[in-house]
Structure formats: C-alpha cells, structure tokens
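Some notes on the structure that comes next.
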Amino acid sequence: MAQNEQKKGVVGQPLDRVDGKLKVTGGARYASEFEAPNLAHAVLVQSTIAKGRVTRIDTREAERSPGVVAVITFENMPKAARPTNPPGGQTIPLLSPDIKYSGQNLAVVVADTLEEAQYGAELVRVEYAAEPPDTDFEKHLDQAFAPRSARGNTKRGDFAANIGGATKKLDQVYRTPIEHHNPMEPHATVAVWGPDGLLAYDATQGVSNSQRNLAEEFGLPQDKVHVINPFVGGGFGCKGQAWPHSPIAAMAAKAVGRPVKLTLTRRQMFTSNGHRPPTHQKEVIGTDAGGKLVALQHQSVNHTSEADIFQEPTGSVVGMLYSCPNVEVEHKLVRVNVGAPTYQRAPGESTGSFAHETAMDELAWELGIDPVELRLRNYAEKDESEDKPFSSKSLRECYEQASAHFGWSRRNPKVGSMRDGNFLVGYGMATASYPANFWPAAAKARMLADGRVQIMCGTQDLGTGTYTILTQIAADGVGVHPSQVRVEIGDSFLPGAPVSGGSCSAASAGSAVQLAAEALRGAVIAYATGDANSPLGGLSAQDLDVKDGRVFSKANPSKGITYPEILAKYGKTVVEQQAFARPGIERGPSGPRTNQGQAQGDKGKGEGYSMHAFGAQFCEVHIDPDIRMVRVARWTGAFGIGKVLNEKTVRSQLQGGIVWGIGMALLEESLLDPRYGRFVNSNLAEYHVPVNKDVPPIEILLMDEKDSVVSPVGAKGAGEIGITGAAAAIGNAIYHATGKRVRDLPITLDKIL
Ligand code: MOS
C-alpha cells in the first residue's frame, strides 16, 4: 500500500530522454561539430591496393593546390610531431610504405577548408608495387592458428569418447559474413594543442580509453590529454578502441601548429575502424533419444588482419547455454589482407548463437521434439562451463511468457503447413543470452545551495539513454525530482568510467552514480540529524525519508526540512561526495578521482557466480511462394536483464538489437572483391540495413528479475542481448515455412529458391 507507493521511485519509469530536446533541436554537439580558432581540415589518403609496397608518393601537385597547408606522409612527417609510441600492428598511422590492406592510411592532407583538403587529397599521386592480396580465410582453414589465449574456449568431460554413443548426431558448418557497424555518426577527431597538452573532441565509446591511448601514443602524462565527447551518434563497437585517425589528427595538428579536424568518410568507415570478422563454425552435437545433449563440439575460425589479432568468441555462448557433460569449444584464426576486425554488437554471442541455435532447431526437427521443449530438456541450472551457479536466470519464464504471448501453440509442427493468404508462414524461436558485465567506475555527486544536484561521471551516451538513466538513479539516490538533476558525462577529466561496451554502462556507471548519490544524501542529512536544534535532530537515517528534496520523519511526515534549508542553515554552498563502484562490493567507499574504471580485463564476475542476461526470441515470417522474399511479420522477445532502469529506453534498446538481428539474418554483408581486396558495397545504399518497412511490430516482455549480485544498481545491461538468437530465430522460421535450411548468413532469397 502506501509503503509501496512511497518507495516507488523514478528508476524503472519510462522517463523521456533528458537529452531528447537537445538532440532534435540540433543542440547536441557531436565530435566533428566542435570548432576551434584557426581550425584546419584534414583528409586521409588511403591505399587502393591491399598488398604490396608504396614505391613513390608524389605530393607536389597537392602541395601547390589552393588552401593546402601541408601534405604529410611517412616520408616527410616532422620528427617533432611524430607519435613517440605509435599504436602497434596495423594501427600504425602513416608510418610505413608496406601495404597490408586496402584502405591503409598513406598520407594526410591539411588545408584551410574541408573542400580544399578533399581536393588536395585527390591530387596526391601514389605508385605501388602491388601483389595479389589474399582475402578469403576459408581457403586457408587448414592453416588456422590458435591465438595465445582464446576467449570462449572451454572443455569439460570427454567429447571424443562420448560422441560415438549418441543416438542422434548433427555435424554441420555455419557461416557468418563480414559486417560493418555503420553508426550514423562517422568517426571524427578535432585535435587542439595548447599549453596544457592535447585537447581532443573525439567520437568514442570511451573517453578514458581515448585519453589513455593518445597519452601513450604521444608520450604524455594522462592529465595532459583531455578528451571531450558529450554525444555519440551510435557506436556498436567500432568506437570502442583506438584507430589510426585520432593520432593522425593529433600529429597533423602538431605539425601545422593549428587545430585540425579529421572526419572519416562513409567509405573510410569500411576500412579504418574495424568490422565484424566472418566466421566459419563447425558444430557437432550428439543427443540421446530423448533429446538430451550428451556431447558437443564447436570449432570456430574467423579471419583477422596481417598485423593484429582479433578473435570472435563465438563459442563462449555454446559452452554455457545448455546442460551437456562432454563439451569442447575452440577458436582459431586465419590472417588475410583486410584491416583489423573488431567487436561488433554482441561479438561472439550474436555469431555463435546463430550457429548454436540453428543447430538446436535442426536437432528438434530430427528428433521430432518441439524446439522449446528441446531447450527445456537441456536447461542449464548452472553455468557448466565455469561450474558456477547463475546469479539469477529467468530463462524458463522467458520461454513461457514469450511463447504464450506469441501464440507458439498455434504452430503446426510440419514444414510448409501454415499459410496467410498466399504467403508461406513460418514460426521460429531461439534463446538469447549475453554476459552481465560490470566494470569499475567512479562518479561524483554534488548538491548546490538551491538543492539542485550535479552528477559527474566519465561515461558516455551512445544514444542508448545513459544521460536519462543516470538522472533517474541520481534522483532516487538523493531524493529529488529528476528535473533537479544535471548529468555531466563524456569528458575524460570527470571521474573515470569504463568504455561503453559489453553492455556494461548501466551496471557500471549506474552503480557508481547510485553510490555517489546515496553518499550525498547521507552527507547532507547528517548535518540535520547531528544538530539537536534541527527538526530532525537525534533521528537516524532509517527514521527518515526524502521526497522532492524534502527530508522528513517517516513517523511524522510534517516534521521535515528541505535540502536548501539544510545547506543554508549549516552554511554550505556546496556538498560533494564521490564513490567508486567495483565488482565484488555491495557498497563502495568514496575514493579519489580515478581512471581505473577502464580496467576492461576485469570481467567482474561476482564471487562464485556466473552472470548473464537471458531471453527468448519468437518470430513469424511470411514468404512469397514465388519470389521467396522474406518478411518478418511479428516478433515477441522476453528478456531477464536484471533491474529495468527505464522501461522506455530499455525497450528501445532491445527492439534495436532485434532490428539488428533482422539485418544480420536477411540483409547485412560486406562484400570484398578478391582481386583487389576492396569492399565493393562501402556505402549505405549498397550495404543493406533494415528500414522501417523491414521491421514488424516488436513486442518486448521484461521479466521481473531481482539480482543483488550483478551490480549495486542491479542492472545486467540491455544493449547487446537483443541481437543474440535473433538471426537463428528467423532462419528457423524460414525452415518451418519452406523446408530450406540456410546455414550461411545473410539468408538472401537466392538461398531459399
Ligand atoms: Mo559493444 S560490440 O561491446 O561496443
């Protein structure tokens, strides 16, 4: 009753985005929109061959072109501007004539205007000694090598000894293509050198990471590099690590003695900031007659570049998703002449779940067992890959609720048996999962004399709603109306927080803000309770409640005092508290300003627990019987993602993930021309992503999940789980409708003719 109503806070409510108005009115400034006095513009010249050597770069014509300030190559880069500690491998900026991929940076043209720099870049003549590139990793599977420590490898029981005894056996290969992130906002860096070092407006998923990278590259102490990035126009992983254009912008600015702005073109976004590597996943599963898994093997290979190592951990989900006593999961790599691959939305879980959840569907058909029932028969009560209990898991409820809402019971379990008018109808489902990551983060909470609250945290908002959820957490934590809270993020001089990757920011930055806000409330209230003459004198924190900035006695709500009154009475113009949240502690002590929050290696597994979000994806496809065009007709997804911090933004994230899943299943593929090692669809006209017409109504069901282990704030993260299982659910529905099993993405209509 009243107890509940009083407790009901802002967290969880579908609060509108606090930054929404700024965004739709153009008030939100993105990296490339920042200006500086005397700003010059830089444009990259990139290799048009994928393998070989530059024999000559002729910059004379470019240098004479109007407005051009400098043309900088590996040959003429001023020593003083050169990064002292350039990033390793292929991310070396402009430092070598050796070509390892098409799109490698060779020169940068700096000019007074963007157009002059663009024109100048066209005038740089490059001569090459070209060699035939090698871009097809599947030709070299026999030469695949194991990375030193492969993520997702697991082994339990004895696969080889037990697969022979299986009643049913599946042995298939699943393949996923190269994909690109394609955020709306391209990468950009505005580099400004001054007496305090380097100021960079940088499009990044991690201001602290960007700061650390630039500091290392130029041999500067971290506090001499200031990275600012208040808004991010999407990231999806490509803005999560260092790429060459940022140090190139900083180098160019140093070389010409002016601030420099460098923005990647859409085409350069296909070569200069990573991609999802293609995968070749061989899966062998053996079951008994009842469908119980007895042995499972997953062998995955992905391509990586000539100089970097990136391994897509496709098998991490395979090792833990179902109960099976004999499991072997391994990953290998093949080097090809492409730029470095990187993390892309649910790296590993999205690609691995396509293989594994398609394989489970194939087994269900083979065994004549309903696909949901097969998954329930193999339900993992604990994480067998780590031999740990789950901190929480509502996957059973997800299956139940999603199948009930979807109407799974209406499914006729016969291929091609369902129709809607002329259309073939298919129902498909799959399991979704993603790790609940929580990495160390710090935050500061400050109250001003008028009771307004400022929150400072070096996290960032990729468009996901971070500003909004932090506002809600702070409002509840301090006990003020959300309109009284102002959140400052996207600045490396703020208390450190991790890169916004791995769906970690709600848990990480959210927990730090919650702890800081609670500490601030405690500190302000202590002035009043510690004073015998105050209306709250002698009361303890447990006796008190706070609402809209007024602290009052629970027993006698008329006895109270407002925050501004407290600050005025005790002569405080400002009260400030800082908190540090890290895995393994429920309540963090206040700490000094820190950038340790970027320690990504810390997986944050709560002591003794395996922590994951889970979900169930159900979809219906309609297929034209003649031309085989596939339409996803409707979708129900149920998810257990810990505490829901904002019902509106979380739904939007999960829906967005599923939209990505539709793209992954049916549309997305970056095509390399093997002759030149060049992407041929490096633009948004020919790289297809779902548009409104491709996206059906998506119903999202959120499980009521309380998990006090994952993080102080109780959230598991929602940014990536939506894409997991989604492509398999669509492929499984296509099989139901047509009897065509497609094991290589995307499922274009030629594959189901
Ligand atoms: Mo996400 S691929 O961890 O930015």
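Let's see how each residue does on (1) within 25 Å of Thr471 (Cα to Cα); (2) more than 16 Å from the ligand (Cβ to nearest atom):
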| position | (1), (2) |
| --- | --- |
| Ala497 | yes, no |
| Ala509 | yes, no |
| Leu520 | yes, yes |
| Ile525 | yes, yes |
| Asn533 | no, yes |
| Gly537 | no, yes |
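List pairs: first residue in the range 25-42 and farther than 19 Å from Ala250 by Cβ, second residue among the basic types (Lys, Arg) anywhere in the structure, Cβ distance under 8 angstrom, at least six positions apart or on different chains.
Pairs found: Gly27/Lys21.
For the range 243-266, give me each residue that is within 14 Å of the ligand (Cβ to nearest atom) and surrounded by fewer than 24 Cβ atoms within 10 Å (Cβ to Cβ). Write out each step before concluding.
From the range 243-266, those within 14 Å of the ligand (Cβ to nearest atom) are 243; that's our starting set.
Scanning the range 243-266 gives no hits.
Does the range 455-490 hold any residues that are part of a loop (DSSP other than H, G, I, E, B), among the aliphatic types (A, V, I, L, M) and either under 26 Å from Lys239 (Cβ atoms) or within 16 Å of the ligand (Cβ to nearest atom) (or both), and which are they? Outline the logic, then answer.
So in the range 455-490, the residues part of a loop (DSSP other than H, G, I, E, B) come out as 457, 459-465, 479-481, 489-490.
Right, trim to among the aliphatic types (A, V, I, L, M) and you get 462, 480, 489.
Those that are part of a loop (DSSP other than H, G, I, E, B), among the aliphatic types (A, V, I, L, M) and either under 26 Å from Lys239 (Cβ atoms) or within 16 Å of the ligand (Cβ to nearest atom) (or both): Leu462, Ile489.
What number goes with the only condition from (1) under 20 Å from Ala616 (Cβ atoms); (2) over 26 Å from the mean Cα position of the chain (by Cα) that Asp420 does not pass?
For Asp420, the failing item is (1).
Please verify whether Val710 is more than 16 Å from the ligand (Cβ to nearest atom), in a loop (DSSP other than H, G, I, E, B) and under 29 Å from Lys393 (Cα atoms), treating the condition exactly as stated.
Values: more than 16 Å from the ligand (Cβ to nearest atom): yes; in a loop (DSSP other than H, G, I, E, B): yes; under 29 Å from Lys393 (Cα atoms): yes.
Yes; evaluated as a whole, the condition is true for this residue.
Only residues that are among the polar types (S, T, N, Q) and farther than 30 Å from Ala509 by Cα: list them for the range 540-585, please.
Here is the first cut: in the range 540-585, the ones among the polar types (S, T, N, Q) are 540, 542, 553, 556, 558, 562, 573, 577-578.
Those that are among the polar types (S, T, N, Q) and farther than 30 Å from Ala509 by Cα: Ser553, Asn556, Ser558.
Mind checking which pairs have a first residue in the range 478-491 that is under 19 Å from Gln577 (Cα atoms) and a second that is of a type in the set (Ser, Thr, Tyr), Cβ under 6 Å, 6 or more apart or different chains?
Close Cβ pairs satisfying both conditions: Pro482/Thr471; Val485/Thr471; Val487/Tyr467; Val487/Thr471; Ile489/Thr459.
State all residues of the range 92-128 that are part of a helix (DSSP H, G or I) and surrounded by 24 or more Cβ atoms within 10 Å (Cβ to Cβ); if no residue qualifies, say none.
Within the range 92-128, the first condition is being part of a helix (DSSP H, G or I), and the residues that meet it are 114-122.
Ala117, Gly120, listed by residue number.
Cβ-Cβ below 8 Å, separation at least six or inter-chain, first residue in the range 159-171 and of a type in the set (S, T, N, Q), second at pLDDT 95 or above and surrounded by 17 or more Cβ atoms within 10 Å (Cβ to Cβ): which pairs?
So the pair list comes out as Asn162/Gly286; Asn162/Val294; Asn162/Ala295; Asn162/Asn326; Thr167/Gly286; Thr167/Thr287.
Is it true that Glu720 is of a type in the set (Asp, Glu) and under 15 Å from Thr176 (Cα atoms)?
Values: of a type in the set (Asp, Glu): yes; under 15 Å from Thr176 (Cα atoms): no.
When the stated conditions are applied, Glu720 does not pass them.
Return the residue satisfying two criteria in turn: it lies in the range 559-574 and is over 15 Å from Val480 (Cα atoms) and at pLDDT 95 or above, and of such residues it is nearest to the chain's Cα centre (by Cα). It would help to see each step written out before you state the result.
Of all residues in the range 559-574, those over 15 Å from Val480 (Cα atoms) come to 559, 568-574.
Right, trim to at pLDDT 95 or above and you get 568-574.
Working: Ala568: 44, Lys569: 46, Tyr570: 45, Gly571: 45, Lys572: 41, Thr573: 40, Val574: 36 Å.
Only one residue tops the list, namely Val574.
Can you confirm whether Gly719 is more than 16 Å from the ligand (Cβ to nearest atom), within 20 Å of Thr464 (Cβ to Cβ) and of a type outside the set (Ser, Thr, Tyr)?
No; evaluated as a whole, the condition is false for this residue.
Tell me yes or no: at least one residue of the range 321-342 is modelled with pLDDT of 95 or more, within 16 Å of the ligand (Cβ to nearest atom), under 24 Å from Lys155 (Cα atoms) and acidic (Asp, Glu).
No, the conditions are met nowhere in the range 321-342.
Tally the residues that are away from the ligand (no atom under 16 Å from the Cβ) and polar (S, T, N, Q), restricting the search to the range 214-242.
Counting residues in the range 214-242 that are away from the ligand (no atom under 16 Å from the Cβ) and polar (S, T, N, Q) gives 1.
The values are calculated or read from the model by the stated rules, or taken from the named source; none is laboratory data. Bear in mind the structure is a predicted one, so any value in this text is a computation, not a measurement. Glycine also receives a Cβ, built like all others from the backbone with ideal geometry; neighbour counts cover every protein chain displayed.
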